[in-house]
Amino acid sequence: GTRNLVGGMMRGLLIAFEGLDQSGKQTQTERLRDGLVEAGRQVRLLSFPAYETPIGTEIRRALEGTREWGADVMQLLYIANRYEERPLIERELAHGTILVCDRYMASSIAYGESQGLDASWLRDVQRHLPQPDLTFLLDIAPDVSAQRKAADRDKYERDLALLARVRESYLRQAAADGWVRLNADRDRAAVAADVFNAVKPLL
């Protein structure tokens with residue numbers, strides 16, 4: 001709509017997908033991108049952590065077990081990794097690009113809170129990041145997440161009690177404005193249709 005025109009140019013949008021691992025985030029970011037490109041919009045996919053940056057390299061080391069960081073340092077690394085990409089995000093939004101993120105700010109709150117960190121601190125330290133226009137919670141039960149990925153799980157993914165706490169944090173966050181919670185334990189095309197319908201009013 002015309003309300004998104006800035007100096008005669010379409011304003012970009014920042015849309016984030018959140019949820020447990022195996023909730024279909026990558027599939028849904030790609031489907032949304034395809035739908036938006038068909039609608040004539042410029043789209044770029046982002047995924048966090050962005051492993052190709054210097055801080056992303058450090059995150060990968062920690063997830064592989066060659067670094068031992070506490071929960072607080074780990075989340076600060078994840079958050080710093082988003083700040084590394086902030087200039088790119090701001091530039092793309094200024095050019096009218098729709099950015100579709102596989103994980104963004106809410107991941108640090110959900111995973112950090114599940115490990116005993118203070119949610120308001122995790123929110124506050126991210127307040128200078130570009131804020132999402134819309135965040136989707138692709139909601140699945142922890143056991144569904146675990147079943148969908150039987151092999152090759154990192155340490156976060158093996159702990160069902162932890163995953164339950166992560167989901168509870170996501171559900172609390174998703175009660176806020178700017179969130180859409182979708183049941184992701186169903187046909188991918190049905191989820192994708194719900195996603196596109198939620199984004200359409202913002203276009």
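The values are calculated or read from the model by the stated rules, or taken from the named source; none is laboratory data. Since the model is a prediction, treat every value here as computed from it, not as a measurement. Because the Cβ atoms are built from the backbone with ideal geometry, glycine has one as well, and the counts that use them run over all protein chains shown. The protein model used for the area step is the full one, side chains on, heavy atoms only, and it has no ligands, DNA or RNA in it. Shrake-Rupley method; radii C 1.70, N 1.55, O 1.52, S 1.80 Å.
Every residue in the range 22-49 that is on the phi < 0 side of the Ramachandran plot, assigned to a loop (DSSP other than H, G, I, E, B) and crowded, with 19+ Cβ neighbours inside 10 Å, please. Within the range 22-49, S23, F48, P49 meet the criteria.
Taken over the range 35-63, residues that are of a type in the set (F, W, Y) and farther than 29 Å from P201 by Cα amount to 1. Listed by first and then second residue, the pairs with beta-carbon distance under 6 Å, at least 6 apart or on different chains, first residue in the range 1-29 and among the hydroxyl-bearing types (S, T, Y), second at pLDDT 95 or above and open to solvent by 80 Å² or more (accessible area, probe 1.4 Å), are T27/R188. Listed by first and then second residue, the pairs linking a residue in the range 176-203 that is touching a residue at least 24 places away in the same chain (Cβ under 8 Å) to a residue that is assigned to a helix (DSSP H, G or I) and open to solvent by 90 Å² or more (accessible area, probe 1.4 Å), with Cβ atoms under 7 Å apart and 6 or more places separating them unless they lie on different chains, are A192/R31. Is it the case that the range 78-87 has a residue that's outside any loop (DSSP other than H, G, I, E, B), touching an Asp or Glu at 6+ places or on another chain (Cβ under 7 Å) and of a type outside the set (A, V, I, L, M)? Within the range 78-87, none of the residues are outside any loop (DSSP other than H, G, I, E, B), touching an Asp or Glu at 6+ places or on another chain (Cβ under 7 Å) and of a type outside the set (A, V, I, L, M). Summed over the range 8-65, residues that are small (G, A, S) and either touching a strand residue (DSSP E or B) at 6+ places or on another chain (Cβ under 7 Å) or farther than 23 Å from L93 by Cα (or both) total 8. Hey, among the residues in the range 93-152 that are of a type in the set (D, E) and part of a helix (DSSP H, G or I), which one's surrounded by the most Cβ atoms within 10 Å (Cβ to Cβ)? Among those residues, the one meeting the criterion is E113.
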